[in-house]
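Step one of this worksheet: look at the structure below.
Nothing in this text is a laboratory measurement; each read-out follows from the coordinates by a stated rule. Please read all numbers here as calculations on a predicted model, not as lab measurements. We place every Cβ from the backbone using ideal geometry, glycine too, and count neighbours over all the protein chains shown.
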Amino acid sequence: MIADSDFENTRILSHTIKGTAGNLGADELSKIAGELEATLMQKKKDEFKPLLDKFSSVLKIVITSISELENETIIRNKEFYNSLNLIADDKKDEAITNEGFALLISSLPENLLKNLKDAAELGDEDMFKKLNVEIQKFNAQLAKKLESLFSDFEYDKILKMIPESGEK
């Protein structure tokens, strides 16, 4: 059971979970967390255990559902990119095709696009290296392709793939 000194911390945690679950659309979990919060506020120790068991069961369902959704999203993203032929199947290193390259570049945030354009126009290798670290956070294959083009001094190819401001 919970020691008297832990009731307040547990109540705060229940309140946080109630709000987070509500934001996620996990209504049942949010409802039970709210009931737990009220029980803890009133220090009704006899009602706590059954609610905690119910909370645990529903939490497991929510976690499983989120995990399944995450896996499904990963699969859908791969299917989407493959359906657009973004990845050339004949290359072992999964090189990005020109269409995929252009689409991936256009999906970068506006500030990265502007800086990429500046680095390519200036042929500034140091600027590009710093920028490519940020690009890698969005897409490792794109960063690899850009690095290859930049090291081959193919700045014009990079510039052709960057959409004009407002074209995104």
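Listed values, structure above:
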{"item": "Mean Cβ count within 10 Å, highest first, over the residues of peptides 27-34, 120-127", "result": "27-34, 120-127"}
{"item": "Approximate spin-label separation Lys129-Lys31, in nm, with each point projected 7 Å along Cα-to-Cβ", "result": "5.9 nm"}
{"item": "Out-of-range pairs (alpha-carbon distance over 26 Å; input Lys18/Lys49; Lys18/Lys137; Lys137/Lys160)", "result": "Lys18/Lys137"}
{"item": "Shape category assigned to the range 4-80 from the gyration tensor of Cα positions, a/c cut at 1.5", "result": "prolate"}
{"item": "Relative contact order (%) - criterion: Cα under 8 Å, at least six apart; region: the range 98-161", "result": "38 percent"}
